[in-house]
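Asks: Have a look at this one.
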Amino acid sequence: MSESWNVSRYLIRRLDELGIRFLFGVPGNHLGPFLEILQEERRAGRTQLLWVGTPTEIGTGYAADGYARIHGVGAAAVTYGVGAFSLLNPIGGAYVEQVPIVVLNGSPTYEQWLNLRSIGLITSHMSPRFESNLDVYRQVTVDAQVINNGGLAPRQIDGAFAACLSSRRPIYLEVTEDAFKAACAPPQGIIEATPRGSNPGLLVKAVEAARDKIRASRRPILWGGEEIDRLRLADEFQALIDATKIAFCTTIGAKSILSENHPQFHGVYNGKASLPAVRRLFKCVANLRIGLGSWSTSKNLGGDQALGEDWIVAAHEGVTVGSRFFPKIQLGDFIRGLRQELETTVHPAAGEDYYTVGEEADLQIPESREAFLAVLSEPGGEVAAKTAEAPATELPLTYDSFFARLNRFLEDATQGSGLNATNPYMVVSDAAFALLGSQSLHMVERQSFFAQNSWLAIGYSVGAVTGLKSARPGKRPLVFVGDGSFQEICQELSTHTRLRHDTVVFVLNNEDFYGIEQMLVHPCFYAGQEPEAYYNVLHHWNYSRLAEVFGSESTPMTGFRVGSHLELEEVLRVIGDADHAANGGPILVQVLLGRMDYPSAIDYSVAENCRGEVDDPCKKV
Ligand SMILES: Cc1ncc(C[n+]2csc(CCOP(=O)(O)OP(=O)(O)O)c2C)c(N)n1
């Protein structure tokens, strides 16, 4: 048996070689032969790949995505048509966010395809459109193959896997039910990434242009972005900062690419949605902004732009220096080139005091690094710091006071200091107010904050955390998700419970309301000037009671409902108590918030649209 290879064994071996331990999916008869062979392989001790069935394909996709964000690559398996089309949204997100996933789609037998072609006979899940699944997946993958011939399968599989690793995006393998058992040649060699290189001449020119601009500026600031994480360039990024002492912010999508204890860290820059001091430092004190791997998405720029002579941006395999563009430049090459150019000369920024400059210019910049850090550690900004001073009271929770308290909870759990600090938790944030509220949580460890910040499918967090926790079992996930987002994905609590994960899901229940949608379309509701839009009102759920639905005696799950700081204190005490029975499984916390409440990060929208305030961040005070 060990010498007889078939397509399924081949696939399993290739997944094993990538160190993938979890295959998330929803079965269907077309996938059956593959899952049978997977079981045989496990029984024979030839693979450790574990099938994790999820209630929904959306959950499958997000779990594979979460797993890949930590492990480097993930895998998902579904059945033709009905399953594959449901999986499309998460894979679309993974394509956009550069997360490599192997998608396996079990399709009808080759004979059934011949019947369709000859007499138009469609069987379960087939569409009269011959290549419907293949066509849609071509839009969201870097390679899409139909495998119906064992003789050709090894080359198709190896080529697709190489594309997945090289382009760091999803691939699609549609395998006919009969081909799963078809004999094939054994695997040859190991599949490796073959990344594209830079254009050497343009690389030199881009680095020189950037170097000259940086040298001419007295106070540059770096803006670390998503690609630093996706291309695993955190060490290179930190080496550049350590060599030049240039201050840095990150995008919200790249939050925690480096420890936020790094001495040069100056917060998450998110345009108008930044903490005011961060925005003033980034836009007004700094006079040159350098985006490295940063995506110029609306959620990263909160109403601002990343263009102009005072910007350098390296992303999507190209570099823009002011109005000059240099294509075909790999981010890693550019960062290394910059470091070489800048470390040989003492950079002006090394001796520059951003705080003094800010103060002299009356820009309300905290007067010292210490004071700046104090501001950074208050998620709701300066205002929330005041409202959260005495949390153990009957005061109702607000977005700002909730996140300020959670920030302290995280800080209390931190061990060690500086770049060596560790924390037992990781954070997973969903879109909308949850993301804005959590953007300034102080994350001391690298890669400890996760969000699907560009594609922004609501519900992502609750599905993705399954994969994140599977990839990093030693950390306890804290998930922040709005009530509307949660309603998209609540079944996936079932997978948390089944796997006995200790995930804590905070459902931010602003009276069953799509708050951010209201804010984007009719913000003046929040100034009491107009009614809520009917389509933003959700049906009410007893969220905390879902623990009874998904938990059981052997797989416990606990639900809480908190409306005041006093109640939140009690729940945080339970979460922090390792001996408490509730920590033997997932916890759901229904956090009661007011419908009119919102994180102060987005107050700029109400200020500009409803209070008639003019945005002028560099105004002297
Ligand atoms: C899958 C998906 N469907 C629809 C949307 C559009 N959308 C963006 S935010 C949002 C509302 C989120 O509501 P909720 O989770 O209650 O959070 P809140 O806005 O109240 O913070 C919707 C419907 C989306 N981003 N993703």
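Asks: Step by step: first the residues of the stretch 390-411, then only those that are in a loop (DSSP other than H, G, I, E, B) and within 16 Å of the ligand (Cβ to nearest atom), then the one that is farthest from the chain's Cα centre (by Cα). Which residue is that?
Replies: So, considering only residues that are in a loop (DSSP other than H, G, I, E, B) and within 16 Å of the ligand (Cβ to nearest atom), the one farthest from the chain's Cα centre (by Cα) is Leu397.
Asks: Please work out which residue is nearest to Leu18 (Cα to Cα), limiting yourself to the stretch 145-160 and to residues that are in contact (Cβ under 8 Å) with a residue 60 or more places away in the chain, touching a strand residue (DSSP E or B) at 6+ places or on another chain (Cβ under 7 Å) and assigned to a helix (DSSP H, G or I).
Replies: Selected residue: Ile157.
Asks: Further question on the same structure: So which residues in the stretch 255-285 are of a type outside the set (A, V, I, L, M, F, W, C), over 21 Å from Glu367 (Cβ atoms) and in contact with an Asp or Glu (Cβ under 9 Å, 6 or more places away or on another chain)?
Replies: Ser256, Ser259, Asn270, Gly271, Lys272
Asks: Within the stretch 435-493, restricting attention to residues that are aliphatic (A, V, I, L, M) and more than 16 Å from the chain's Cα centre (by Cα), which residue is farthest from the ligand (Cβ to nearest atom)?
Replies: Residue satisfying both the conditions and the ranking: Val444.
Results for (1) surrounded by fewer than 18 Cβ atoms within 10 Å (Cβ to Cβ); (2) under 26 Å from Asn510 (Cβ atoms), shown as yes or no for each residue.
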| residue | (1), (2) |
| --- | --- |
| Tyr543 | no, yes |
| Leu546 | no, yes |
| Val549 | yes, yes |
| Glu569 | yes, yes |
| Asp577 | yes, no |
| Gly584 | yes, no |
| Gln590 | no, yes |
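Asks: If you go through the stretch 200-247, how many residues are surrounded by fewer than 24 Cβ atoms within 10 Å (Cβ to Cβ), under 24 Å from the mean Cα position of the chain (by Cα) and part of a loop (DSSP other than H, G, I, E, B)?
Replies: Within the stretch 200-247, residues that are surrounded by fewer than 24 Cβ atoms within 10 Å (Cβ to Cβ), under 24 Å from the mean Cα position of the chain (by Cα) and part of a loop (DSSP other than H, G, I, E, B) number 3.
Asks: Next question. Among all residue pairs at least 6 apart or on different chains, which show Cβ distances below 8 Å where the first residue, located in the stretch 516-533, is part of a helix (DSSP H, G or I) and the second is away from the ligand (no atom under 13 Å from the Cβ) and among the polar types (S, T, N, Q)?
Replies: Pairs that qualify, where the first residue is part of a helix (DSSP H, G or I) and the partner is away from the ligand (no atom under 13 Å from the Cβ) and among the polar types (S, T, N, Q), are Pro523/Asn609; Cys524/Asn609.
Asks: If you take the residues in the stretch 4-30 that are in contact with a Phe, Trp or Tyr (Cβ under 7 Å, 6 or more places away or on another chain) and assigned to a helix (DSSP H, G or I), which one is surrounded by the fewest Cβ atoms within 10 Å (Cβ to Cβ)?
Replies: Arg14
Asks: Output the residues belonging to the stretch 562-621 that are more than 26 Å from the chain's Cα centre (by Cα), within 20 Å of Phe402 (Cβ to Cβ), part of a helix (DSSP H, G or I) and of a type outside the set (Lys, Arg).
Replies: His565, Leu566, Glu567, Leu568, Glu569, Glu570, Val571, Val574, Ala582, Val606
Asks: Next question, about the same structure. In the stretch 505-550, how many residues are among the hydroxyl-bearing types (Ser, Thr, Tyr), within 13 Å of the ligand (Cβ to nearest atom) and either at pLDDT below 95 or in contact with a Gly (Cβ under 7 Å, 6 or more places away or on another chain) (or both)? Write out each step before concluding.
Replies: Here is the first cut: in the stretch 505-550, the ones among the hydroxyl-bearing types (Ser, Thr, Tyr) are 514, 526, 534-535, 543-544.
Filter again for within 13 Å of the ligand (Cβ to nearest atom), leaving 514, 526, 535, 543.
Adding the requirement that they be either at pLDDT below 95 or in contact with a Gly (Cβ under 7 Å, 6 or more places away or on another chain) (or both) leaves 514.
Final tally of qualifying residues: 1.
Asks: Counting residues that are more than 16 Å from the ligand (Cβ to nearest atom) and farther than 24 Å from Ser167 by Cα, which helices (runs of 4 or more DSSP H) fully inside the stretch 32-105 reach at least 2?
Replies: Working: elements: 32-43, 57-71, 82-96.
Filter on the stretch 32-105 gives 32-43, 82-96.
Asks: I'm told Val146 meets every condition in (1) out of contact with any Pro (no Cβ under 7 Å at 6 or more places or on another chain); (2) surrounded by 22 or more Cβ atoms within 10 Å (Cβ to Cβ) except one. Can you identify the failing condition by its number?
Replies: Among (1) out of contact with any Pro (no Cβ under 7 Å at 6 or more places or on another chain); (2) surrounded by 22 or more Cβ atoms within 10 Å (Cβ to Cβ), Val146 violates only (2).
The rows are residues; the columns are (1) surrounded by fewer than 23 Cβ atoms within 10 Å (Cβ to Cβ); (2) at negative phi; (3) touching a Phe, Trp or Tyr at 6+ places or on another chain (Cβ under 7 Å); (4) not small (Gly, Ala, Ser).
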position	(1), (2), (3), (4)
Ala413	yes, yes, yes, no
Ala421	yes, yes, no, no
Val428	no, yes, yes, yes
Ser448	yes, yes, no, no
Trp455	yes, yes, no, yes
Leu468	no, yes, yes, yes
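The values are calculated or read from the model by the stated rules, or taken from the named source; none is laboratory data. Fair warning: this is a prediction, and the values are worked out from it, not measured in the lab. When we count neighbours, we look across all protein chains shown, and the Cβ atoms used for this are built from the backbone with ideal geometry, even at glycine.
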